[in-house]
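Let me begin by presenting the structure, written as structure tokens, before commenting on it.
The values are calculated or read from the model by the stated rules, or taken from the named source; none is laboratory data. Keep in mind that this is a model prediction, so the values were computed, not measured. For neighbour counting, all protein chains shown are included, and Cβ atoms are generated from backbone atoms with ideal geometry for every residue, glycine included.
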Amino acid sequence: MNPIDPGPLAPVQVEPAAGRWTLVMRRDLRHPPAKVWAALTEPGQLERWAPFLADRDLGRPGAVTLTMVDGDERHPMPATVQRAEPPHLLVHTWGEDLLRWELTPAETGTRLVLRHTLADRHWAPKVAAGWHLCLVVAERLLDGAPVPPIRGSEAKEHGWRELNEAYGKELGIPTDDDTGEADSQ
């Protein structure tokens with residue numbers, strides 16, 4: 001697969017959250033909330049853009065397994081859909097992280113706000129870079145011009161390192177490259 005153009009950075013910030021940190025990322029999509037909701041919740045659509053596979057529809061509360069994919073490797077992680085209010089709010093865990101997807105109608109389609117709460121603030125640029133690429137793929141899927149999903153180490157072939165560094169600067173969080181540490185992969 002040829003590298004995709006990741007486009008400009010999405011507006012991001014990091015907020016403290018009860019001893020943890022929440023990455024807040026905004027993206028405007030050219031599609032109505034119901035269409036974006038389907039991409040966020042239906043396993044057949046998630047497998048085409050998300051970093052994980054879902055063992056069921058995320059459109060209703062309850063236990064679910066989200067399997068992280070990296071090439072041939074699969075890592076099942078327990079998750080729980082805590083709130084599902086179609087087509088505006090989806091809140092679920094993913095391992096120890098909490099993801100809150102907010103969809104609001106916008107003039108050109110949908111304003112998506114992702115709030116991804118994690119334990120370590122220094123992971124925020126990495127997480128932002130990963131979601132950035134996933135959402136580019138999701139938008140292509142929604143546009144009817146799908147590309148294969150970009151997951152795991154494959155993301156490095158599509159500008160993940162540069163996005164990680166740029167989001168680190170945007171958020172004021174040093175990345176591995178900023179501190180002189182060698183990249184382990």
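Of note:
- Criterion: under 28 Å from Lys156 (Cβ atoms), touching a residue at least 12 places away in the same chain (Cβ under 8 Å) and assigned to a loop (DSSP other than H, G, I, E, B) - qualifying residue of Trp21, Trp49: Trp49
- Across the range 1-42, the number of residues qualifying as touching a Lys or Arg at 6+ places or on another chain (Cβ under 7 Å) and either surrounded by 16 or more Cβ atoms within 10 Å (Cβ to Cβ) or under 16 Å from Thr93 (Cα atoms) (or both) comes to 5.
- Filter result (of a type outside the set (Ser, Thr, Tyr) and surrounded by fewer than 21 Cβ atoms within 10 Å (Cβ to Cβ)) within the range 65-80: Met68, Val69, Asp70, Gly71, Asp72, Glu73, Arg74, His75, Pro76, Met77, Pro78
- In the range 143-169, of all residues being among the aliphatic types (A, V, I, L, M) and under 15 Å from the mean Cα position of the chain (by Cα), the one that is nearest to Val36 (Cα to Cα) corresponds to Ile150.
- Here Ala50 meets the list (1) surrounded by fewer than 17 Cβ atoms within 10 Å (Cβ to Cβ); (2) in contact with a helix residue (DSSP H, G or I) (Cβ under 7 Å, 6 or more places away or on another chain); (3) not basic (Lys, Arg) almost entirely, failing just condition (1).
- Spans of helices (runs of 4 or more DSSP H) in the range 85-185 with at least 3 residues modelled with pLDDT of 95 or more and under 18 Å from Ala10 (Cβ atoms): 124-142, 160-171
- Those residues of the range 67-82 which are farther than 15 Å from Arg100 by Cα and either among the β-branched types (Val, Ile, Thr) or assigned to a strand (DSSP E or B) (or both), in sequence order: Thr67, Met68, Val69, Asp70, Glu73, Arg74, His75, Pro76, Met77, Pro78
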